[in-house]
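The values are calculated or read from the model by the stated rules, or taken from the named source; none is laboratory data. Keep in mind the model is a prediction, meaning the values are calculated, not measured. Neighbour counts run over all protein chains shown; Cβ positions are idealised from the backbone, glycine included. Accessible surface areas use protein heavy atoms only, side chains included; no ligands, DNA or RNA. Shrake-Rupley method; radii C 1.70, N 1.55, O 1.52, S 1.80 Å.
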Amino acid sequence: MFFSVSGLLQEPVGSKRKHELGPQAPLLHASVELVRLTHAALVRLSGEVAIDTICSRCLAPFSYVAPLQFEEIFVQQVDVATGAKVDSEEGDEESFAIGLDHTIDITEAVRQYTEMAAAMQPLCQPECPGLCAKCGQDLTLGACACDRTPLDSRWAALAELRLRSNG
């Protein structure tokens, strides 16, 4: 996901370029706006990404769509006209950089923001029953023979005696 900004960097501050992106993994679609700053370019992205993950309850792989939006400053390294090194006060040491060939690669920014957009405990379906805690059976495929009735902790000692007498 590269954008040539050599023309944009020669225009006045505030100049803009808009681009529409089609499907490019993980992006499904996105609208990208590039805005000329003093020695940088502001990249605004708004779109949707497909996130491949594993259900936190049943461990089944699945995909879901999440919105993705960000604004990042890409700092200019060299002057377009002279090729001289540019000392920019825009951004900080962790800012993204415009390439020496005056291109912006938003791939890493998309990756980082996709990670942040991902659910912390994704579920394949809202009511996913998960796995049986005793035998490991995937309960979305069917019930198992385990007794999963909750045990009142006050009766645990008696239940243990019953197990000993039956065993």
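For the residues THR149, THR140, the requirement of being within 16 Å of ILE54 (Cβ to Cβ), in a loop (DSSP other than H, G, I, E, B) and open to solvent by less than 100 Å² (accessible area, probe 1.4 Å) singles out THR140. For VAL13, the conditions (1) open to solvent by less than 70 Å² (accessible area, probe 1.4 Å); (2) in a loop (DSSP other than H, G, I, E, B) all hold with the exception of (1). Residues that are farther than 17 Å from LEU21 by Cα, among the polar types (S, T, N, Q) and modelled with pLDDT of 95 or more within segment 35-55 comprise just one, THR53. Of the residues making up segment 31-52, those that are buried (at least 16 other Cβ atoms within 10 Å of the Cβ) and touching a residue at least 40 places away in the same chain (Cβ under 8 Å) are VAL32, LEU34, LEU37, HIS39, ALA40, ALA41, VAL43, LEU45, VAL49, ILE51.
Among the residues of this structure, HIS19 does not count as one that is open to solvent by 20 Å² or more (accessible area, probe 1.4 Å), assigned to a strand (DSSP E or B) and either in contact with an Asp or Glu (Cβ under 7 Å, 6 or more places away or on another chain) or over 27 Å from ALA118 (Cβ atoms) (or both). Among residues belonging to segment 103-137 that are farther than 27 Å from SER63 by Cβ and either in a helix (DSSP H, G or I) or at pLDDT 90 or above (or both), point out the one that is most open to solvent (accessible area, probe 1.4 Å). So, considering only residues that are farther than 27 Å from SER63 by Cβ and either in a helix (DSSP H, G or I) or at pLDDT 90 or above (or both), the one most open to solvent (accessible area, probe 1.4 Å) is THR103. Could you identify the single residue in SER153, SER88 that is modelled with pLDDT under 85, within 34 Å of the chain's Cα centre (by Cα) and of a type in the set (S, T, N, Q)? From the options SER153, SER88, the qualifying one is SER88.
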